[in-house]
Amino acid sequence: MAASLTVTLEEVAREAKKRITLPTGRDVDVVIPKGVADGQTIRLRGLGQGAPGMDPGDALLTINIAPHERFTVEGANLRVRVPIEIEEAVLGGPMRVPTLTGAVDMTIPPLTDSGRTFRLRGKGLPTKTGHGDLLVTVEIKLPAVVDESLTEYARRRKEAKAI
């Protein structure tokens, strides 16, 4: 007997317990195992259907991980894009980065380019032997309101490069 269960990344990260109803009509609590991957099948011993007069077989439960609005899964690693202000990119400094278990502090160096990726070890999905990493890609966000001093600075730099 086969069934499927869709779980969130947060449930995978904390090894959540979910109540499901099997095709037999039986309700069971299932612990999402550490290191489970999208499309992986887990065996629920003795919870399947059996022929009349025989012990029930095993139920096979396929785990599907729902897409996340912020994180992309790459094996045990997670990828996230984080916007930063132009001042943060130029000057560097501390910033807050979201993880599945809460935000953490990270320091970016001065003159960080848009698209640069940083690795936060152990902040990805749990595995059987530890945790994957969180890959943080920064994206420079320009100000919504025109800043004359920034515009003038850009003009001067452009003119200096043209010479």
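Taking the dipole about the Cα centre of the chain, with the C-beta of Lys and Arg at +1 and of Asp and Glu at -1, give me whichever of 120, 66, 149 is farthest to the positive side.
120
Just want the answer: with Cβ charges of +1 for Lys and Arg and -1 for Asp and Glu, which residue in 42, 93, 24 is farthest toward the dipole's positive end in the chain?
Result: 42.
Output ³J(HN,Hα) for segment 25-34: one whole-Hz value per residue in order, computed from phi by the Karplus curve 6.51 cos²θ - 1.76 cosθ + 1.60 with θ = phi - 60°, and x for Gly and Pro.
So the Karplus estimates, Gly and Pro as x, are x, 7, 8, 9, 8, 10, 8, 6, x, 4 Hz.
5 Å is the cut-off here: which amide hydrogens, built 1.01 Å from N in the peptide plane, fall below it relative to residue 108, excluding neighbours closer than 5 in sequence?
93, 95
At 222 nm, what helix-only mean residue ellipticity would the chain give, in deg cm²/dmol to the nearest 500, using -39500 (n - 2.57) for each DSSP H run of four or more?
On the way: 3 runs with 26 residues, N = 163.
Helix-only estimate at 222 nm: -4500 deg cm²/dmol.
Check cross-link reach from residue 17 to the aspartates and glutamates: straight Cα distance under 20 Å, and skip same-chain residues fewer than eight apart.
Once the sequence-local aspartates and glutamates are set aside, what remains near residue 17 is 27, 29, 38, 58.
For 61, 150, 111, what's the fewest-to-most ordering of other Cβ within 10 Å of each Cβ?
111, 150, 61
Starting from the amide H of residue 82, placed 1.01 Å from N in the peptide plane, find each other amide H under 5 Å away whose residue is 5 or more places distant or on another chain.
For residue 82, whose amide H was placed from the backbone, the distant partners under 5 Å are 137, 138, 139.
Which whole-number percent of Cα pairs in segment 1-102 have a distance greater than 18 Å?
Above the 18 Å cut-off, segment 1-102 has 58 percent of its Cα pairs.
When the Karplus curve 6.51 cos²θ - 1.76 cosθ + 1.60 is applied with θ = phi - 60°, which whole-Hz ³J(HN,Hα) does each residue of segment 107-115 get, with x for Gly and Pro?
10, 9, x, x, 6, 7, 6, 5, x
Explain nothing, just compute: Karplus ³J(HN,Hα) = 6.51 cos²θ - 1.76 cosθ + 1.60, θ = phi - 60°, for every residue of segment 124-139 in order, whole Hz, x for Gly and Pro.
x, 7, x, 10, 5, 10, x, 9, x, 10, 9, 9, 9, 9, 8, 10
All of the numbers you see were taken from the coordinates with simple rules; none came from a lab. None of these values were measured; they are calculated from a predicted model. Reconstructed Cβ throughout: ideal geometry from the backbone, glycine too, with neighbour counts over all protein chains shown.
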